[in-house]
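A.B. asks: Before we start, here is the structure in question, set down as structure tokens.
The values are calculated or read from the model by the stated rules, or taken from the named source; none is laboratory data. Just so it is clear, the model here is predicted, and its values are computed rather than measured. Virtual Cβ from ideal backbone geometry, glycine too; neighbours counted across all protein chains shown. These area figures cover heavy atoms from the full protein model, side chains too; ligands, DNA and RNA do not enter into them. Shrake-Rupley method; radii C 1.70, N 1.55, O 1.52, S 1.80 Å.
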Amino acid sequence: MLKKNTKKAEPKKTTKPKATKNETKLDELQSTRERKNVLMQGNEAVAYGALDAGVNFFAGYPITPSTEVAEILSAELPKRGGVFVQMEDEIASICAITGASLAGAKSLTATSGPGFSLMQEGIGFAKITETPCVVVNVQRMGPSTGMPTSPAQGDIMQAKWGSHGDSPSIVLYPDSVKESYELTIRAVNLAEKYRTCVILLLDEVIGHMREAVRLPDMANVRVINRIKPTVPPHWYKHYDENQKYLSPLASYGEGYRFHVTGLTHDSHGFPTNKSSEASEMMERLRKKIDYNIRDLVQIESHQMEDAKIAIFTAGITARAAKAAIAMARAEGIKVGLLRPLTIWPFPDDAVRKMLRNVETVIVPELNQGQLIHEIQRLTKDKSDGNLIPIQRVNGQLITPNDILRKIKEVS
Amino acid sequence: MAKSYEIRLSGSGGQGLILAGIILARAAVIEKRRVTQTQSYGPESRGGYSRADVIISDDEIYFPEATNFNCLLALTQEACDVYLYDLRDTGILIIDTTFVKNLALAAENTYELPFTDIAQEKLGSPITTNILSLAFMVQITGIVKPESLKQSIAESVKPAFVELNHKAMELGFELAKNYKK
Amino acid sequence: MANIPQRIIHEYLRHDKKFPHVWCAGCSNGIVLGAIIRAIASLNLDRDDIVMVSGIGCSSRMPVYVDFNTLHTLHGRSIAYATGVKLHKPNLKVIVITGDGDCTAIGGNHLIHAARRNIDLKVILINNNIYGMTGGQCSPTTPHEAIATTAPYGNIEPDFNVCNLAIGAGASFVARTTAFHVLEMQGIMKDALEHPGFSLIEVVSACPVIFGRLNKKGGAPQMMKDFRDNSIPLAAVDKLPPEKVEGKIIRGILRREIRPEYCAQYASLVERVKVKEADNG
């Protein structure tokens, strides 16, 4: 049986931002947005989440349907002494936020499919150099230019495998405006904590949708800042192997004079061709995700206690699933939803439990089959007949009725 | 009142329907109700199709897109033709007869007025058609209070345009009160 | 400046860590590295305040050898990374080391936009007319009709005049020199480091092992002699008849003007917005 809503909060302790030389104090940067109930768009929630998390550097390139994030931050960041810069393309954007992060900034960019594809090499660089940054991808219909204003969930696999080479990913996936705010903060926090490029996947509908939201008081927002080294510069290792894969990070201009390279490197950051050091580096990248799965994975378990049928999906499609579940339960059908808020690393354990407890799993998604492969990977003892896809790639959402029909077919 | 009320505002790009949707949603927020507002439109900012959905409810709203409307506002023939089939049997249909000339189905509760022509004649420009027709809808359905709509308009449009839009709103309320089926 | 002792260079190197270097015998990269360090030493710049950023290529391996804050990035993207570093900490001196392929082919877009913004980056473009690290492929500065491994019948494309490109894009400091003219190079680098705005220095350099062999240039000493004999200082151009200028490398500071620098512009924007906010609030 799955625990109901295993949503985990950030560690209780609020890390007070340390103001170091040349860095703007984070307190000044945080959003002054009114904390009352307001109508807010998903992209707006991302922008305010970024500000509340202490993001003080944004570099981006306009692209539908993510542009509102850039527009809002272009107005808000200068007020707080932060930097907004519109770069010449998305490649330059991911590079600029990575450079700024190495100089000590909390940085973020926002884009959509075509720009996300362009950023992949830079995302790989941020991962191999263990540089904190956040990429928000408000997904749209692809491939290529596709349907710029229509929703799709086609970048789930690209978010994991988009960059060449193995590089474990942290990818978060909200299903509402409020959660867009919360997961933006979490994305920034995880980037700082795990020193990597964290990706936030939004559906076009979530990015453009408006809902009533009350942002929490800043006192209730937990902000994590990167750990700064306390050792003298000549002892500093940019990738310290003795720190449980979460090693302190110095910034340029603080006397540490470290080296950063996209080449395979040793623990000091210098390039290496030794296979022992290469495998150490690769293992480090893997283990810092694998060893912290419990901290990283967040799932919502909705009406799963007695469910015989489970729906597994994320984002906007999970909202359709919840509506379908309400209708099906009104007719006495025992159906529930398992929804990953962290889509990568994949919640293997939760899915295995789900598979043990239900007879049938329905996987609706706005693509030609991406999430379902992960379920298949974990479904050794079930026949294919118990794994039901619902897939749509025409720019329209999967509706509650589409899912209800399928529930009735299999119940 | 129904627990959940689904509204679709439909027409073409440039008619201000998404703004109308935002204003209606904000009015619901003022009344502390749950609300979602979504939209669908082509990549162009003018022409093409455009629609805004607003769902107002007292419970958590799961699916944010209107699928079975309690009320449909159609400002173009094309929008009316496409969306009429998803109106509930008891749903309210409001059409702009400036552009909607034929009804494919006979809806039970149909309200017809040439909103665009009225905006042109009485307010000097078709630009306020969205607020005029939205106010008409609010008065007919009672989904939010007139004063909430008034406040929402003031919070949603540029200060220079508040007066004009409030004028359009008042005219919409009047048309609804005096409407004879 | 010529009297800066040799040991100074060692003080600026990570000599205990990453040597021997990867550059071939006769390569100009070491000459350029020496000139950069001597220019920095002559200005007494704090090593902690210097960030050296590079892309991919032979010259882009330079940062690993120097004891500054160093960033070895993706092919073509050094200027974009440097823009992020500089914008977040404008007090840092950000030097970009790049090559002709890195800067003018794959990274051309970033070059022109950084020049247009006039952001205070010091871009040192070591132009050896070829992709050296990968074995001699044609680059945008490979001369017309020269041989490269991807132009085995001679290059049919015209080559870029990189300095003119930078001037056209709005760079406020543009200079050209050669690997032979070491003292001139040091002087130009010192001027660039003191210039408040986007600076591009093209160093025409020798790749005797790849470009030189493919094009029968006669080895490193001969290539250096050619730089000496086939280049003229900008000041002399007007005094010479056109036929003596034709085909020569023009050396010197080709553009130096003061115009608003991007980080300063951004800082004043922030001040303006804050004042407006204070008035409203």
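A.B. asks: Looking only at region A:342-376, which residues are touching a residue at least 24 places away in the same chain (Cβ under 8 Å) and β-branched (Val, Ile, Thr)?
C.D. replies: A:Thr342, A:Ile343, A:Val351, A:Val358, A:Thr360, A:Val361, A:Ile362, A:Val363, A:Ile375
A.B. asks: For A:Val260, which of the numbered conditions (1) away from chain C (no Cβ under 13 Å); (2) crowded, with 21+ Cβ neighbours inside 10 Å fails to hold?
C.D. replies: With respect to (1) away from chain C (no Cβ under 13 Å); (2) crowded, with 21+ Cβ neighbours inside 10 Å, A:Val260 is out only on (1).
A.B. asks: To continue, here is another question. Checking the structure you have, find out if any residue of region A:234-244 is touching a Phe, Trp or Tyr at 6+ places or on another chain (Cβ under 8 Å), part of a loop (DSSP other than H, G, I, E, B), in contact (Cβ under 8 Å) with a residue 60 or more places away in the chain and away from every other protein chain (no Cβ under 14 Å).
C.D. replies: No: zero hits.
A.B. asks: Checking C:Asp238 against (1) at pLDDT 95 or above; (2) more than 22 Å from the chain's Cα centre (by Cα); (3) over 22 Å from A:Pro78 (Cα atoms): exactly one of these is not met. Which one?
C.D. replies: Tallying (1) at pLDDT 95 or above; (2) more than 22 Å from the chain's Cα centre (by Cα); (3) over 22 Å from A:Pro78 (Cα atoms), C:Asp238 fails exactly one: (1).
Yes/no matrix, rows are residues, columns are (1) more than 9 Å from every other protein chain (Cβ to nearest Cβ); (2) in contact with a Leu (Cβ under 6 Å, 6 or more places away or on another chain); (3) open to solvent by less than 10 Å² (accessible area, probe 1.4 Å):
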{"residue": "A:Lys36", "(1), (2), (3)": "yes, no, no"}
{"residue": "A:Glu44", "(1), (2), (3)": "yes, no, no"}
{"residue": "A:Thr64", "(1), (2), (3)": "no, no, no"}
{"residue": "A:Gly81", "(1), (2), (3)": "no, no, no"}
{"residue": "A:Ala105", "(1), (2), (3)": "no, no, yes"}
{"residue": "A:Thr109", "(1), (2), (3)": "yes, no, yes"}
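A.B. asks: Could you say which residue among B:Gln39, B:Gln77 is among the polar types (S, T, N, Q) and either open to solvent by 40 Å² or more (accessible area, probe 1.4 Å) or away from chain A (no Cβ under 14 Å) (or both)?
C.D. replies: Residue meeting the stated conditions: B:Gln77.
Yes/no per residue for (1) open to solvent by less than 30 Å² (accessible area, probe 1.4 Å); (2) within 11 Å of chain B (Cβ to nearest Cβ); (3) without any contact (Cβ under 8 Å) to a residue 40 or more places away in the chain; (4) among the hydroxyl-bearing types (Ser, Thr, Tyr):
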site: A:Pro143; (1), (2), (3), (4): no, no, yes, no
site: A:Met157; (1), (2), (3), (4): no, no, no, no
site: A:Pro168; (1), (2), (3), (4): no, no, no, no
site: A:Val177; (1), (2), (3), (4): yes, yes, no, no
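A.B. asks: Scan (1) open to solvent by less than 40 Å² (accessible area, probe 1.4 Å); (2) over 17 Å from C:Val96 (Cα atoms) for the single condition C:Lys18 breaks and write down its number.
C.D. replies: (1)
Conditions tested, residue by residue: (1) assigned to a helix (DSSP H, G or I); (2) touching a strand residue (DSSP E or B) at 6+ places or on another chain (Cβ under 8 Å).
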{"residue": "C:Tyr153", "(1), (2)": "no, no"}
{"residue": "C:Ile156", "(1), (2)": "no, no"}
{"residue": "C:Ala166", "(1), (2)": "yes, yes"}
{"residue": "C:Val174", "(1), (2)": "no, yes"}
{"residue": "C:Leu183", "(1), (2)": "yes, no"}
{"residue": "C:Ile188", "(1), (2)": "yes, yes"}
{"residue": "C:Ala192", "(1), (2)": "yes, yes"}
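A.B. asks: Please name all residue pairs, on different chains or six or more residues apart, with Cβ atoms under 6 Å, provided the first residue is in region C:267-280 and is over 27 Å from C:Asp120 (Cα atoms) and the second residue is open to solvent by less than 70 Å² (accessible area, probe 1.4 Å) and in a helix (DSSP H, G or I).
C.D. replies: C:Glu277/A:Lys79
A.B. asks: Look at B:Ile92 and say whether it is part of a strand (DSSP E or B), touching a residue at least 24 places away in the same chain (Cβ under 8 Å), of a type in the set (A, V, I, L, M) and more than 18 Å from B:Asn130 (Cβ to Cβ).
C.D. replies: Numbers: part of a strand (DSSP E or B): yes; touching a residue at least 24 places away in the same chain (Cβ under 8 Å): yes; of a type in the set (A, V, I, L, M): yes; more than 18 Å from B:Asn130 (Cβ to Cβ): no.
No, not satisfied.
A.B. asks: Here is a further query. Residues in region A:46-61 that are within 13 Å of another protein chain (Cβ to nearest Cβ) and either closer than 20 Å to B:Tyr41 by Cβ or part of a helix (DSSP H, G or I) (or both): how many?
C.D. replies: Of all residues in region A:46-61, those within 13 Å of another protein chain (Cβ to nearest Cβ) come to A:55-61.
When the remaining residues are screened for being either closer than 20 Å to B:Tyr41 by Cβ or part of a helix (DSSP H, G or I) (or both), the result is none.
Within region A:46-61, residues that are within 13 Å of another protein chain (Cβ to nearest Cβ) and either closer than 20 Å to B:Tyr41 by Cβ or part of a helix (DSSP H, G or I) (or both) number 0.
A.B. asks: Mind listing whichever residues of region C:87-113 are of a type in the set (Gly, Ala, Ser) and touching a Phe, Trp or Tyr at 6+ places or on another chain (Cβ under 6 Å)?
C.D. replies: Residues of region C:87-113 of a type in the set (Gly, Ala, Ser): C:99, C:101, C:105, C:107-108.
If the condition is that a residue be of a type in the set (Gly, Ala, Ser) and touching a Phe, Trp or Tyr at 6+ places or on another chain (Cβ under 6 Å), then C:Gly101 is the only one that fits.
A.B. asks: Among the residues of region A:220-242, is there at least one that is open to solvent by less than 10 Å² (accessible area, probe 1.4 Å) and closer than 25 Å to A:Phe116 by Cβ?
C.D. replies: Taking every residue of region A:220-242 in turn, none turns out to be open to solvent by less than 10 Å² (accessible area, probe 1.4 Å) and closer than 25 Å to A:Phe116 by Cβ.
A.B. asks: If a residue has to be under 23 Å from B:Tyr5 (Cα atoms) and touching a residue at least 40 places away in the same chain (Cβ under 8 Å) to count, how many in region B:156-174 make the cut? Show your work before the answer.
C.D. replies: So in region B:156-174, the residues under 23 Å from B:Tyr5 (Cα atoms) come out as B:156, B:169, B:172-173.
From the residues that got through so far, the ones that are touching a residue at least 40 places away in the same chain (Cβ under 8 Å) too are B:156, B:172.
Of the residues in region B:156-174, 2 are under 23 Å from B:Tyr5 (Cα atoms) and touching a residue at least 40 places away in the same chain (Cβ under 8 Å).
A.B. asks: Return the residues of region C:43-100 that are open to solvent by less than 10 Å² (accessible area, probe 1.4 Å), facing chain A (nearest Cβ under 7 Å) and in contact with an Asp or Glu (Cβ under 7 Å, 6 or more places away or on another chain); say none if nothing qualifies.
C.D. replies: Correct list: C:Leu92 only.
A.B. asks: List pairs: first residue in region A:304-328 and more than 26 Å from A:Gly42 (Cβ to Cβ), second residue among the basic types (Lys, Arg) and surrounded by fewer than 24 Cβ atoms within 10 Å (Cβ to Cβ) anywhere in the structure, Cβ distance under 6 angstrom, at least six positions apart or on different chains.
C.D. replies: Once the first residue is more than 26 Å from A:Gly42 (Cβ to Cβ) and sits in region A:304-328, its partners that are among the basic types (Lys, Arg) and surrounded by fewer than 24 Cβ atoms within 10 Å (Cβ to Cβ) give A:Asp306/A:Lys334; A:Ala307/A:Lys334; A:Lys308/A:Lys334.
A.B. asks: Here is a check on your reading of the model: is A:Ile123 in contact (Cβ under 8 Å) with a residue 60 or more places away in the chain, more than 10 Å from chain C (Cβ to nearest Cβ) and not small (Gly, Ala, Ser)? Can you show your working first?
C.D. replies: Values: in contact (Cβ under 8 Å) with a residue 60 or more places away in the chain: yes; more than 10 Å from chain C (Cβ to nearest Cβ): yes; not small (Gly, Ala, Ser): yes.
Answer is yes for this residue.
A.B. asks: Can you name the residue in region A:275-310 that is in a helix (DSSP H, G or I) and β-branched (Val, Ile, Thr) and, of all such residues, is nearest to B:Pro64 (Cα to Cα)? Can you show your working first?
C.D. replies: Of the residues in region A:275-310, the ones in a helix (DSSP H, G or I) are A:275-290, A:293-296.
Next cut, β-branched (Val, Ile, Thr) only: A:289, A:293.
Details: A:Ile289: 34, A:Ile293: 32 Å.
Across region A:275-310, the extreme among qualifying residues is A:Ile293.
A.B. asks: OK, next. Filter region B:133-142 for residues that are within 9 Å of the chain's Cα centre (by Cα), closer than 16 Å to B:Ala74 by Cβ and aliphatic (A, V, I, L, M) and give the result. Walk me through how you get there before you give the answer.
C.D. replies: Of all residues in region B:133-142, those within 9 Å of the chain's Cα centre (by Cα) come to B:133-138.
Now restrict to residues that are closer than 16 Å to B:Ala74 by Cβ: B:133-134, B:136-137.
Passing the criteria: B:Leu134, B:Met137.
A.B. asks: Need a quick list: strands (runs of 3 or more DSSP E) entirely within region B:1-71 having at least 3 residues that are of a type in the set (Gly, Ala, Ser) and in contact with a helix residue (DSSP H, G or I) (Cβ under 8 Å, 6 or more places away or on another chain). Give the derivation first.
C.D. replies: Numbers: elements: B:4-13, B:34-41, B:47-57.
Ranges flagged: B:4-13.
A.B. asks: What are the residues in region C:119-160 that are aromatic (Phe, Trp, Tyr), more than 14 Å from C:Ser59 (Cα to Cα) and crowded, with 18+ Cβ neighbours inside 10 Å, if any?
C.D. replies: Let us first name the residues in region C:119-160 that are aromatic (Phe, Trp, Tyr), namely C:131, C:153, C:160.
Add one more test, that the residue is more than 14 Å from C:Ser59 (Cα to Cα), and what stays is C:153, C:160.
C:Phe160, the sole residue that qualifies.
A.B. asks: When residues of region C:104-118 are filtered for being open to solvent by less than 20 Å² (accessible area, probe 1.4 Å) and either closer than 15 Å to C:Ser205 by Cα or within 14 Å of chain A (Cβ to nearest Cβ) (or both), how many remain?
C.D. replies: 7
A.B. asks: Quick one: would you say A:His265 is within 14 Å of chain B (Cβ to nearest Cβ), touching a strand residue (DSSP E or B) at 6+ places or on another chain (Cβ under 9 Å) and either closer than 30 Å to C:Asp49 by Cβ or not polar (S, T, N, Q) (or both)?
C.D. replies: Numbers: within 14 Å of chain B (Cβ to nearest Cβ): no; touching a strand residue (DSSP E or B) at 6+ places or on another chain (Cβ under 9 Å): yes; either closer than 30 Å to C:Asp49 by Cβ or not polar (S, T, N, Q) (or both): yes.
Criteria not met by A:His265.
A.B. asks: Has region B:153-160 got at least one residue that is over 26 Å from B:Arg26 (Cα atoms) and either over 14 Å from the mean Cα position of the chain (by Cα) or open to solvent by less than 40 Å² (accessible area, probe 1.4 Å) (or both)?
C.D. replies: So the first thing to find is which residues in region B:153-160 are over 26 Å from B:Arg26 (Cα atoms), and the list is none.
No, region B:153-160 contains no residue that is over 26 Å from B:Arg26 (Cα atoms) and either over 14 Å from the mean Cα position of the chain (by Cα) or open to solvent by less than 40 Å² (accessible area, probe 1.4 Å) (or both).
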